[in-house]
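The values are calculated or read from the model by the stated rules, or taken from the named source; none is laboratory data. Owing to the predicted nature of the structure, the values given are computational and were not obtained by experimental measurement. Cβ atoms come from the backbone with ideal geometry, glycine included; neighbour counts cover every protein chain shown.
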Amino acid sequence: MENDNPLKVQLSLDSIEQIGPATKTRLEQAGFSSIKDLVVRGPVDVSEATGMEIEKSIYLCNQARIRLEDLGIIDKSFVTATQLYNKRKREDRLSTGSKNLDDLFGGGIETRAVTEVYGEYGTGKTQICHTLCVMVKQTKSEGGLTGKALYIDTENTFRPERIVSIAVARKIDPQIALENVIVAKAYNSAHQELIIQESGPIIDEKNVKLLIVDSAVAHYRAEYIGRGALSERQQKLNKFMHILVRIAETYEVAVLVTNQIQSSPDAIFGDAFRPTGGHVVAHTSTYRVYLKRSGKNRIARMVDSPYHPEREVLFTLSEHGVSDPSVSLR
Ligand SMILES: Nc1ncnc2c1ncn2[C@@H]1O[C@H](COP(=O)(O)OP(=O)(O)OP(=O)(O)O)[C@@H](O)[C@H]1O
Ligand SMILES: [Mg+2]
C-alpha cells in the first residue's frame, strides 16, 4: 500500500533493500512505520521489540541512518564546522511569546534541540508550554513555525481553556488554536515511553513542529522511590531523554520538557535547588533554563548552554500566557 508522497516513499521501511515483506511486517507489528523510527529508537530497541538478531538490527539501523544522511534530514557523520555553522544559521526558532525570553534563547526555542525548563511549582513552566502551543501555529514572521503542537501531559495540567484565553489575548482565532494542539495524556512512565515511541508517524502526518513533555520526570519520580530504585530510574529516564534528542533531530521539531525542582539542602554550590533527574536530564537536554519567582514577575536564567552566556531575563505570567513586564523592575 504505497502512497504518492515521494518523501514518504523514500522513508518507507521497504526502501531499504534488506527489508523484505516479512521483516517489514515484523517491524510494523512492533510499531516501526518508517526508517526514521529505526533511527530514533536505535538497534537495541529494534532488536528487543521485534526479536530480530542484534547484528541484523544494527545493520538495518545503520542503513536507515545513511539514508537519512543522504536525504539531508540528519547531519552526516563527518562534516566541517562551516557546514554545521551554515546549517545552524538556517535553524528555525519558535517564539515563546515574551521578547525577553526569546532574547535569552537567541531568538526563540530552537528546532532540532531539546530545551529543558525547570523551576519550583508555580514558576510558569506549564504556562510557557501553553503559550508555545499557541505560538507554533503562527507564521515565521509572526514568530511561529506554521505547525502543530504535540503535548504529552503527565501531570494532568493541560487546560484547553488556557489555550483559548491565550489565543484570544493574542488576537488569534481560539478555534484554530485548539485544533492545533494534539494532547496525549500519559498515565505512567511506561505509557509515556509508549506515546513517545508511537509519536513519529503523528509528527509527520500532522506537521507537528513542537513536542512538549510536561513534565518529563514526574512519573519516574513517583514510581521509582528510594535509593535502591535510583539507578533503574536514571537508566529509564536516560533512554527516554535520548529518544527525545533523536526525535528532535530526525523529525526537525522543537522539543521542550519541564522538570520540577526539589530542595537539596546538601547543595554546596549555587542554588539550594536542583532539577529532579539530576545529571541525566541535564546532560541530554541541549538548553536548560531555570525559572524562579521575583515578586509578581519571574526570572529565567540560561544554565549550561553550549553557546549562550549564562544570563538572566525577567518575564511575566499574564492573560497572554508568558509576556514581558510592562514596567521593567531592573
Ligand atoms: N490566566 C492567567 N493570568 C495570569 N497568570 C496566570 C494565569 N493562569 C495562570 N497564571 C499564573 O501561572 C502560575 C502557575 O504557573 P504554572 O502552572 O505554569 O506553574 P508550573 O511551573 O508549571 O508549576 P508546577 O511545578 O506546579 O507544574 C499561577 O500561579 C499564576 O501566577
Ligand atoms: Mg506545571
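Looking at the range 128-140, can you tell me whether even one residue there is hydroxyl-bearing (Ser, Thr, Tyr) and away from ligand 1 (no atom under 11 Å from the Cβ)?
yes
The rows are residues; the columns are (1) modelled with pLDDT of 95 or more; (2) away from ligand 2 (no atom under 16 Å from the Cβ); (3) surrounded by 20 or more Cβ atoms within 10 Å (Cβ to Cβ).
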| residue | (1), (2), (3) |
| --- | --- |
| ILE73 | no, yes, no |
| SER77 | no, yes, no |
| ALA81 | no, yes, no |
| ARG88 | no, yes, no |
| THR96 | yes, no, yes |
| TYR118 | no, no, yes |
| CYS133 | yes, no, yes |
| VAL136 | yes, yes, yes |
| THR146 | yes, yes, no |
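Filter the range 216-241 down to residues that are under 13 Å from THR284 (Cβ atoms), without any contact (Cβ under 8 Å) to a residue 60 or more places away in the chain and of a type outside the set (Lys, Arg), then give me how many there are.
Residues in the range 216-241 being under 13 Å from THR284 (Cβ atoms), without any contact (Cβ under 8 Å) to a residue 60 or more places away in the chain and of a type outside the set (Lys, Arg): 5 in total.
When the range 4-27 is examined, which residues are found to be more than 24 Å from the chain's Cα centre (by Cα) and loosely packed, with under 15 Cβ neighbours inside 10 Å?
Hits for the range 4-27 are ASP4, ASN5, PRO6, VAL9, GLU17, GLN18, GLY20, PRO21, ALA22, THR25.
Would you mind telling me which numbered condition in (1) away from ligand 2 (no atom under 16 Å from the Cβ); (2) surrounded by fewer than 16 Cβ atoms within 10 Å (Cβ to Cβ); (3) basic (Lys, Arg); (4) over 17 Å from ILE247 (Cβ atoms) ARG159 fails?
(1)
Here are the criteria: (1) in contact with a strand residue (DSSP E or B) (Cβ under 6 Å, 6 or more places away or on another chain); (2) within 24 Å of ALA30 (Cα to Cα). Tell me which single one GLN192 does not satisfy.
If we test GLN192 against (1) in contact with a strand residue (DSSP E or B) (Cβ under 6 Å, 6 or more places away or on another chain); (2) within 24 Å of ALA30 (Cα to Cα), just (1) comes out false.
Does the range 166-190 hold any residues that are surrounded by fewer than 18 Cβ atoms within 10 Å (Cβ to Cβ) and among the hydrophobic types (A, V, I, L, M, F, W, C), and which are they?
VAL168, ALA169, ILE176, LEU178, ILE182, VAL183, ALA190, listed by residue number.
Can you confirm whether the range 282-301 contains a residue that is among the hydrophobic types (A, V, I, L, M, F, W, C), part of a strand (DSSP E or B) and modelled with pLDDT under 65?
no
LYS171 - would you say it is at pLDDT 95 or above, of a type in the set (Lys, Arg) and on the phi > 0 side of the Ramachandran plot?
It is true that LYS171 is at pLDDT 95 or above, of a type in the set (Lys, Arg) and on the phi > 0 side of the Ramachandran plot.
Are any of the residues in the range 155-169 under 21 Å from TYR251 (Cβ atoms) and among the basic types (Lys, Arg)?
No, the conditions are met nowhere in the range 155-169.
Looking at the range 207-228 only, could you name the residues that are of a type outside the set (Phe, Trp, Tyr) and either more than 16 Å from the chain's Cα centre (by Cα) or part of a helix (DSSP H, G or I) (or both)?
Of everything in the range 207-228, those that are of a type outside the set (Phe, Trp, Tyr) and either more than 16 Å from the chain's Cα centre (by Cα) or part of a helix (DSSP H, G or I) (or both) turn out to be ALA218, HIS219, ARG221, ALA222, GLU223, ILE225, GLY226, ARG227, GLY228.
Has the range 40-51 got any residue that is in a loop (DSSP other than H, G, I, E, B), among the small types (Gly, Ala, Ser) and closer than 30 Å to ASP324 by Cα?
no
Take the range 302-330 and flag every residue that is at pLDDT below 95, assigned to a loop (DSSP other than H, G, I, E, B) and not acidic (Asp, Glu).
If the condition is that a residue be at pLDDT below 95, assigned to a loop (DSSP other than H, G, I, E, B) and not acidic (Asp, Glu), then SER305, PRO306, TYR307, HIS308, PRO309, ARG311, PRO325, SER326, VAL327, SER328, LEU329, ARG330 are the ones that fit.
Where residues in the range 300-314 are under 18 Å from LEU256 (Cα atoms) and surrounded by 14 or more Cβ atoms within 10 Å (Cβ to Cβ), which of them is nearest to ligand 2 (Cβ to nearest atom)?
If we take residues in the range 300-314 being under 18 Å from LEU256 (Cα atoms) and surrounded by 14 or more Cβ atoms within 10 Å (Cβ to Cβ), then ALA300 is nearest to ligand 2 (Cβ to nearest atom).
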